[in-house]
Structures are given as C-alpha cells and as structure tokens.
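Student: To start, I am sharing the structure in question, which I have written as structure tokens.
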Amino acid sequence: MNEYIKKHFQIEERQTSIKTELLCGLLNFFAIMYIIVVNPALFENAGMNFGGVFLATICATAIGCFYMGMIANYPIVIAPGIGINAYVVFTVVVSLGYSWQDALGACFVAASIFLFLSLTSFREQLINSIPECLKIGITAGIGLFVTFIGLKNGGFVVADPSTFVTMGDLTNPGTALTAIGVLLCLILTILNVPAALLVGMIIITIAAGILGLLQLPESLIALPTGIYTTIGGLKFDQIPTMLPIVMIILLVTMFDTTGTMIGVAKQAKLMKDGVFPNLRSALMADAFASFWGTFLGTGPCSSFAESSAGVLAGARTGLAAVTTGLLFITLIFLFPLAQAIASVPAITSPVLIIAGIQMFGEISTLDWNDKPTLFPSVLACIVMPLTYSITNGVAMGMISYVAISIASGRRKEIHPLLYIFSIWFLLEFLKIFQ
C-alpha cells in the first residue's frame, strides 16, 4: 500500500513523505473546517434547509478534494466558495427575488459550462478576455460585499432611514460579541496562528455559551435532517432570463479558482518556468465539485487560500488533499452542534468579515498610476456593496473599462469578448431584454 501511495502521489519526486502529507492534510482540514457552519448558515438566508446544505457542503468538499488529490495531485482544498455563494444568496435570491431552486439551477448550468470549458482551450481565452485590473477590482469588490454581509448579519451595521446604514447597538450582547470576534480573528490571523478562523470560532462559541446566546442541542452527534429537501431541487425554467447571472457565476468562479491555485502552487514551488503543470486537471476538480455540489444542494466550489496552511507546513502532493477530504466525511455526524453554532450570527459573522477583508486585500496590487485601468477597477469594486449586487459591479467595471479604453486610444487592449460582455450588460441595464 505504501509503495502504491508513494508512486501514485510522486512522494519521493516531490521530496516529501507520507507522514508529512497526512499531517498537512490534517492541518488544512482544521483551517477550512469552519465552512460546514458558515456555508449552510449563508444558504438559510435563501430559505434552504440547514441539514441539506450541511451535507451538500461536506460532500462537495470531499468530491473536490478527492479529485484534486487523486487526479491532479495537488495539495489544494476545494470547498464551496464564500464569496460566490454570498452572491448567489443575497443578490440572486434575496435581492433579485429568484427562488433558491432557480439559483441552484443557474449554478448548475455555470458549473456544467465550466466543466466543458476545462476540457478546451476556450477556457484560457475566456479568462484572458477579462483584463487583470478588472479581475483585481472584482475580487476586491466581492470581498467588500462579503464583509458588508458579515457586518449586517452580526448587527454591526443596521438600516437607517436617513443615512441608509448606520452603526448597530454595541450594548447588544450579540453585536458586542461580533465586534470582539472580529478583533480576535484579526489578531489570530495576523499572528499566523494555525487555523486562525476556526480557533476564533471556537473561542467565540464558548463566549456565546457563557453569555447564554448559544443553546447546545441535547445530542451533539447525529446525522443531518432534511437532506432530501435540497438534493436535486434545481429548476431551469428561469435560465433564459438568468443568463447574465450564469455568466457572472462562471467568470468569477473561473478566475477566482485559477488565481488561488496558481498562488498556492507558487508557494509549494510546483510551478515550472512560470507554468502550472496539469492545470486542466486542477480546474476540473473545481468544476467537478461545483457540478455535483449544486446538484446536492450548495453553491459553486472554489480552491481555498487556506490550502497554503498545509503547503507552508510541507504539503507537496495530492495525498494532503485526499486526507482533508476523508476527514471532512467524518463531520457528517456533527450536524446538531454545527446547526446550534450557526444559529448565533455572532459566531459566523466574524468569519465572513475576515474572509472579505482578505479578498479585498487584492486591491493593493492595482497600478494606481494607470488611471484608465484604475478607475474601472475601483468602480467595479465599490458598486458591488453599495448596490448589493456583484452583477452590477462586474457590469459597471466592464462597460466603463471599454468606454475609457476607447476614449484614451487604447482600443487594441480590449479583448473582442469584452465588447460582447459590455454590450450585453448595457442592454440589460437599459432593460432591452425585458
């Protein structure tokens, strides 16, 4: 068995050991385990059953990790993405009024296209059609959007008839615990504490119990309930009107996961002459997990930056990813505890806020002296949280980029596909298709 593992995962070629890979897989497991609480809690806002999303989250993560480990042989964790799923819940369902069944149908279509494109060279053309500055602005904007949702859920930001939003009541125990939780998670993250977000959640959970905000279930171990309410609940009859949403999900998922994979591969020193070996198989892992995840009852999946925790500890092969996937399956029995924790926004909100801040950090890589690329990128970034829509941000970024590039004599820098996207979004804004 050991010989098979060494040969299949190229243990010796990548100068690692089975023990190191197993331990790094365990470390990645702890770094990403918070997703089993945060993701189902997100989709509850869309009216979905917590137990169904809980099981779908675990299954999608396991599927993604197994594919990534066994086929692509990379130590990268695949799980439902917080940023894109926040878009699905709060923009597609809450804001635009589509049902969660319609939203998952759109996610399934996007995942199917992603799966097909991962087998072709058109995937690279699609990713390359979006200028780097807009990718940065969109990623940062999603970060702001997720942070805003976390602040709102935690009671830190509330509605105001005069100023639209204002500060929440910090004398409220739940709001105060959210604020303390954010500071705690920030400090742990800055100090590079392993599995910082999970450690923060555990401490906040204990504090919530002491304050009487958390009611523990009678049994901490049980299988999830209501799983059949989400499996196969997809609907496709609204897809013709949801094509812009499908495109947003597809584009964001594709360049988000590609960027994360390349970053982790660089850390692991697996890049060869600036090229990501076996990138097609790595992207297939994400697409495959998203395909089955949306069918089971969760949103699109993405590679997680937390994979760097295992990489920094020495992970170099897919054995680490397989280990993480196997450990995730054991979490199925922790359903009652996960549901109890998710019922307290002060526990899950800090994770959303910190995750959003980390995504927003991408804004620092913009070229602040190149105004024709700076303005569209920043516009895309700020429109997302202020209009409560990632779609609006992407649309405004693309339209303004094309217009400014033409006006400044940089027409040659515009990819032909970007013209199509921009015209499409402009017609959507003008309600030509309605």
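Student: Of the residues that make up the range 253-268, is at least one exposed (fewer than 13 other Cβ atoms within 10 Å of the Cβ) and in a loop (DSSP other than H, G, I, E, B)? It would help to see each step written out before you state the result.
Tutor: Going residue by residue through the range 253-268, those that are exposed (fewer than 13 other Cβ atoms within 10 Å of the Cβ) are none.
No, the range 253-268 contains no residue that is exposed (fewer than 13 other Cβ atoms within 10 Å of the Cβ) and in a loop (DSSP other than H, G, I, E, B).
Student: Another question about this same structure. What are the residue pairs meeting all of these: first residue in the range 4-15, first residue under 13 Å from R316 (Cα atoms), second residue polar (S, T, N, Q), Cβ atoms under 7 Å, and 6 or more apart or on different chains?
Tutor: Matching pairs, first to second residue: F9/N73; F9/T317; Q10/N73; Q10/T317; I11/S17; I11/T317; R14/T317.
Student: Is one or more of the residues making up the range 267-283 more than 29 Å from Y4 (Cα to Cα) and hydrophobic (A, V, I, L, M, F, W, C)?
Tutor: no
Student: If you don't mind, there's one more thing I want to ask. All but one of (1) farther than 22 Å from A79 by Cα; (2) modelled with pLDDT under 90; (3) open to solvent by 20 Å² or more (accessible area, probe 1.4 Å) hold for P372; state the number of the condition that does not hold.
Tutor: The single condition P372 does not satisfy is (2).
Student: Further question on the same structure: Within the range 292-349, considering only helices (runs of 4 or more DSSP H) that don't extend past its boundaries, which have at least 1 residues that are under 27 Å from F114 (Cα atoms) and in contact (Cβ under 8 Å) with a residue 40 or more places away in the chain?
Tutor: Numbers: elements: 307-312, 318-329, 335-342.
The helices (runs of 4 or more DSSP H) meeting that bar are 307-312, 318-329.
Student: Count, please, the residues in the range 342-352 that happen to be surrounded by fewer than 24 Cβ atoms within 10 Å (Cβ to Cβ) and under 13 Å from the mean Cα position of the chain (by Cα).
Tutor: 0
Student: Right, something else. Quick check on my filter: what residues within the range 184-195 are part of a helix (DSSP H, G or I), free of Cβ contacts under 8 Å to residues at least 40 places away in the same chain and either touching a strand residue (DSSP E or B) at 6+ places or on another chain (Cβ under 6 Å) or surrounded by 14 or more Cβ atoms within 10 Å (Cβ to Cβ) (or both)? Give the steps one after another, and end with the answer.
Tutor: In the first step, residues of the range 184-195 are kept if they are part of a helix (DSSP H, G or I); the result is 184-190.
Then drop every residue that is not free of Cβ contacts under 8 Å to residues at least 40 places away in the same chain, which leaves 187-188, 190.
Once the filter is applied, which keeps residues that are part of a helix (DSSP H, G or I), free of Cβ contacts under 8 Å to residues at least 40 places away in the same chain and either touching a strand residue (DSSP E or B) at 6+ places or on another chain (Cβ under 6 Å) or surrounded by 14 or more Cβ atoms within 10 Å (Cβ to Cβ) (or both), the range 184-195 yields only L188.
Student: In the range 214-240, how many are in contact (Cβ under 8 Å) with a residue 12 or more places away in the chain, over 23 Å from the mean Cα position of the chain (by Cα) and either within 30 Å of A313 (Cα to Cα) or not in a loop (DSSP other than H, G, I, E, B) (or both)?
Tutor: Within the range 214-240, residues that are in contact (Cβ under 8 Å) with a residue 12 or more places away in the chain, over 23 Å from the mean Cα position of the chain (by Cα) and either within 30 Å of A313 (Cα to Cα) or not in a loop (DSSP other than H, G, I, E, B) (or both) number 3.
Student: So, in the range 241-252, how many residues would count as being within 21 Å of the chain's Cα centre (by Cα) and surrounded by fewer than 18 Cβ atoms within 10 Å (Cβ to Cβ)? Show your work before the answer.
Tutor: From the range 241-252, those within 21 Å of the chain's Cα centre (by Cα) are 242-252; that's our starting set.
Still in the running and surrounded by fewer than 18 Cβ atoms within 10 Å (Cβ to Cβ): 243.
The total comes to 1.
Student: Taking helices (runs of 4 or more DSSP H) that fall entirely within the range 1-58, which contain at least 1 residues that are closer than 24 Å to F333 by Cα and under 20 Å from the mean Cα position of the chain (by Cα)?
Tutor: On the way: elements: 2-8, 18-32, 35-44.
Where helices (runs of 4 or more DSSP H) fall fully within the range 1-58 and carry at least 1 residues being closer than 24 Å to F333 by Cα and under 20 Å from the mean Cα position of the chain (by Cα), they are 18-32, 35-44.
Student: Could you please let me know if I203 is within 30 Å of T178 (Cβ to Cβ) and open to solvent by 40 Å² or more (accessible area, probe 1.4 Å)? It would help to see each step written out before you state the result.
Tutor: Values: within 30 Å of T178 (Cβ to Cβ): yes; open to solvent by 40 Å² or more (accessible area, probe 1.4 Å): yes.
So I203 passes the test.
Student: What tally of residues in the range 1-55 results from selecting those that are open to solvent by 10 Å² or more (accessible area, probe 1.4 Å), of a type in the set (D, E) and under 29 Å from G200 (Cβ atoms)?
Tutor: 1
The values are calculated or read from the model by the stated rules, or taken from the named source; none is laboratory data. A quick note: this is a predicted structure, and the numbers were derived from the prediction, not measured. Methodologically, a virtual Cβ is constructed for each residue, glycine included, from the backbone with ideal geometry; neighbour enumeration extends over all protein chains shown. Each accessible area value is taken on the protein alone, full model and side chains, heavy atoms only, with ligands, DNA and RNA left out. Shrake-Rupley method; radii C 1.70, N 1.55, O 1.52, S 1.80 Å.
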